[in-house]
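> Supplied in structure tokens, the structure appears directly below.
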Amino acid sequence: MAERRDFDEFVVTRSSRLLRTAFLLTRDWALAEDLLQTALAKSWFAWGRLDDNPEPYVRKVLVNTYASWWRRRWRAETPTESLPDSQAHGPDPTAQVDDRDELWQALGRLPRRQQAVIVLRYFEDLTEAQTADALGVSTGTVKSQTSKALARLRLDPDLAAHPILNGGR
């Protein structure tokens with residue numbers, strides 16, 4: 001009974017942060033909720049064996065579940081509409097949203113491991129060691145995958161004009 005209370009307390013206190021991680025991986029709130037629910041259900045069975053800080057274990061289950069979902073999921077085409085040219089004068093009020101969307105799209109084009117490393121390191125603000133633990137790899141792998149991912153993002157044609165990726169130019 002104490003295990004159930006501990007698990008319930010963990011879900012109440014930590015699920016919003018884990019849901020954010022799931023959203024950053026899936027980029028879809030409904031899928032993120034499903035992913036978190038699946039990860040929590042899988043974690044419940046190991047709950048009695050976990051130490052005082054179960055979040056790294058649950059995060060690892062979350063990332064591994066996401067990776068296995070991705071391998072099974074068919075990547076269908078997504079329809080888009082072409083917007084007409086705008087005749088508005090002055091700065092485009094949607095530029096920041098467009099920049100964010102371009103970054104999301106570029107992040108989605110990275111290989112799964114590189115995407116997971118970027119999300120955990122820069123969006124979840126985990127250390128290299130925490131990221132390595134969550135992914136079940138060495139810190140050297142985290143460093144190399146981070147370097148490769150950032151290099152790919154710098155070379156992405158949709159992000160070429162963004163100064164933040166190009167040393168502030």
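The values are calculated or read from the model by the stated rules, or taken from the named source; none is laboratory data. Everything numeric in this text was worked out from a predicted model, so none of it was measured. Because the Cβ atoms are built from the backbone with ideal geometry, glycine has one as well, and the counts that use them run over all protein chains shown.
> Filter the range 155-164 for residues that are part of a helix (DSSP H, G or I) and more than 14 Å from residue 104 (Cα to Cα); which is modelled with the highest pLDDT?
If we take residues in the range 155-164 being part of a helix (DSSP H, G or I) and more than 14 Å from residue 104 (Cα to Cα), then 155 is modelled with the highest pLDDT.
> Would you be able to tell me the number of residues in the range 1-37 that are more than 27 Å from residue 106 (Cβ to Cβ) and not aromatic (Phe, Trp, Tyr)?
Of the residues in that region, 14 qualify.
> Residue 136: of a type outside the set (A, V, I, L, M, F, W, C), surrounded by fewer than 11 Cβ atoms within 10 Å (Cβ to Cβ) and modelled with pLDDT of 90 or more, yes or no?
It is true that residue 136 is of a type outside the set (A, V, I, L, M, F, W, C), surrounded by fewer than 11 Cβ atoms within 10 Å (Cβ to Cβ) and modelled with pLDDT of 90 or more.
> Identify all residues within the range 1-58 that are acidic (Asp, Glu), surrounded by 15 or more Cβ atoms within 10 Å (Cβ to Cβ) and more than 20 Å from residue 69 (Cβ to Cβ); write none if there are none.
6, 55
> Can I ask one more? Return only the number of the condition from (1) among the acidic types (Asp, Glu); (2) within 17 Å of residue 126 (Cβ to Cβ); (3) free of Cβ contacts under 8 Å to residues at least 40 places away in the same chain that residue 55 does not satisfy.
For residue 55, the failing item is (3).
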